Amino acid sequence: MSTSESSDVVIKSPDGRSSSRWWQQEDWWSIFLALILISAAYILFSQGGSLKWLATGPTKWTTLGEAGADLLRRLPALGGLYLVWAVLLTISSAIIGHDSRKFLGGFTVLFIVSVFIFQLGAWASASRYNLEPPLLALVLGLVVSNIWQIPDWLARSLRVEYYIKIGIVLLGATLPLTLIQWAGPVAIGQAAIVSLVTFFAIFITGRLLGLENRFAAVLGVGGAVCGVSAAIAVAGAVRAKREQASVAISW
């Protein structure tokens with residue numbers, strides 16, 4: 001099996017060689033990279049700095065001129081963001097067993113396309129038409145994969161599960177314990193009950209309708225948490241099929 005489909009104990013590099021070394025597995029590297037970023041953020045914070053300047057996002061725009069001006073304003077931060085992820089992901093991919101040059105070329109294209117997708121998603125009327133960045137990315141991916149054959153150098157960078165695993169660790173790091181303490185046991189208990197009841201209602205209904213466990217789980221979490229990100233994260237965690245994640249995102 002390939003690392004793009006699974007990350008079990010035994011994996012195979014693109015050249016077909018099997019490896020059971022833990023330091024060549026995506027699961028471990030997703031943790032390593034996330035911890036590197038968290039450690040860097042903590043060190044900078046303790047010295048009075050931060051990584052906030054890398055957390056750049058588009059502002060709402062109504063005209064193409066406003067979108068272009070906003071994009072130019074964010075270019076320095078986008079350049080820094082690209083360099084950080086390009087270095088970390090290329091090095092880790094090379095250790096895992098991928099061709100670093102092909103990965104870097106494909107990642108560069110993905111990064112640029114992602115920037116424009118998020119910029120388009122910031123259109124003031126996008127919410128009216130439900131043109132959220134995940135949906136735009138999904139539609140673009142469907143069009144590209146069904147009309148053209150994805151070249152090998154670009155396919156090497158489509159490490160969907162790898163990116164999701166890194167995001168899961170970083171997502172957990174954004175939840176402060178002080179927020180849980182502030183909310184109190186009543187709010188936490190209420191949120192837990194609503195989420196669990198909603199999840200199991202969707203999951204059990206899906207199973208009764210003949211859906212696979214993994215597909216029903218993705219739909220359940222997506223409905224319980226009410227988010228595309230949740231569906232994507234759980235799809236990677238339970239190793240659901242790509243088309244199942246796509247259906248959950250669309251719904």
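The values are calculated or read from the model by the stated rules, or taken from the named source; none is laboratory data. Note that this is a predicted model, so its numbers are computed, not measured. Note: ideal-geometry Cβ built from the backbone for every residue, glycine included; neighbour counts use all protein chains shown. These area figures cover heavy atoms from the full protein model, side chains too; ligands, DNA and RNA do not enter into them. Shrake-Rupley method; radii C 1.70, N 1.55, O 1.52, S 1.80 Å.
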Report task. Specify the residue that is most open to solvent (accessible area, probe 1.4 Å); the eligible residues are those in region 121-142 that are under 21 Å from Val247 (Cβ atoms), of a type outside the set (D, E, K, R) and part of a loop (DSSP other than H, G, I, E, B). Result -> Asn130
Report task. List the number of the failed condition for Val234; all other conditions in (1) modelled with pLDDT of 80 or more; (2) in a loop (DSSP other than H, G, I, E, B); (3) under 30 Å from Leu35 (Cα atoms) hold. Result -> (2)
Requested in this report: Scan region 65-85 and report the pairs whose first residue is more than 25 Å from Ala124 (Cα to Cα) and whose second residue is part of a helix (DSSP H, G or I) and of a type in the set (Phe, Trp, Tyr), with Cβ atoms within less than 8 Å and a gap of 6+ or a chain change.
Outcome: Gly80/Trp53; Tyr82/Phe111; Trp85/Phe107; Trp85/Phe111
Requested in this report: Go through region 86-100 residue by residue and tally those that are open to solvent by 50 Å² or more (accessible area, probe 1.4 Å) and touching a residue at least 24 places away in the same chain (Cβ under 8 Å).
Outcome: 1
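Being modelled with pLDDT of 85 or more and not polar (S, T, N, Q) is true for just one of Val194, Val225. Which residue is that?
Within the list Val194, Val225, the selection yields Val194.
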Report task. Might you let me know whether region 159-181 holds any residue that is open to solvent by less than 40 Å² (accessible area, probe 1.4 Å), of a type in the set (Gly, Ala, Ser) and farther than 23 Å from Ile38 by Cβ? Result -> no
Query - region 201-211, residues that are surrounded by fewer than 12 Cβ atoms within 10 Å (Cβ to Cβ) and either touching a residue at least 40 places away in the same chain (Cβ under 8 Å) or assigned to a helix (DSSP H, G or I) (or both) - result: Leu208
Query raised in the report: Out of the residues in region 33-68 that are open to solvent by 60 Å² or more (accessible area, probe 1.4 Å) and touching a Phe, Trp or Tyr at 6+ places or on another chain (Cβ under 9 Å), which is farthest from Leu110 (Cα to Cα)?
Result: Thr62
Query raised in the report: What number of residues within region 143-162 satisfy the criterion of being under 14 Å from Gly106 (Cα atoms) and part of a helix (DSSP H, G or I)?
Result: 5
Report summary line: Checked region 166-200 for anything without any contact (Cβ under 8 Å) to a residue 12 or more places away in the chain, of a type outside the set (Val, Ile, Thr) and farther than 30 Å from Val84 by Cα; matches are Gln181, Trp182, Ala183, Gly184, Pro185, Ala187, Gly189, Gln190, Ala191, Ala192
Query raised in the report: Tell me, which residue of region 143-158 that is small (Gly, Ala, Ser) and in contact (Cβ under 8 Å) with a residue 12 or more places away in the chain is least open to solvent (accessible area, probe 1.4 Å)?
Result: Ser157
Report task. Determine which single condition Ser195 fails, assuming it passes every other condition in (1) of a type in the set (Ser, Thr, Tyr); (2) surrounded by fewer than 16 Cβ atoms within 10 Å (Cβ to Cβ); (3) in contact with a helix residue (DSSP H, G or I) (Cβ under 9 Å, 6 or more places away or on another chain). Result -> (2)
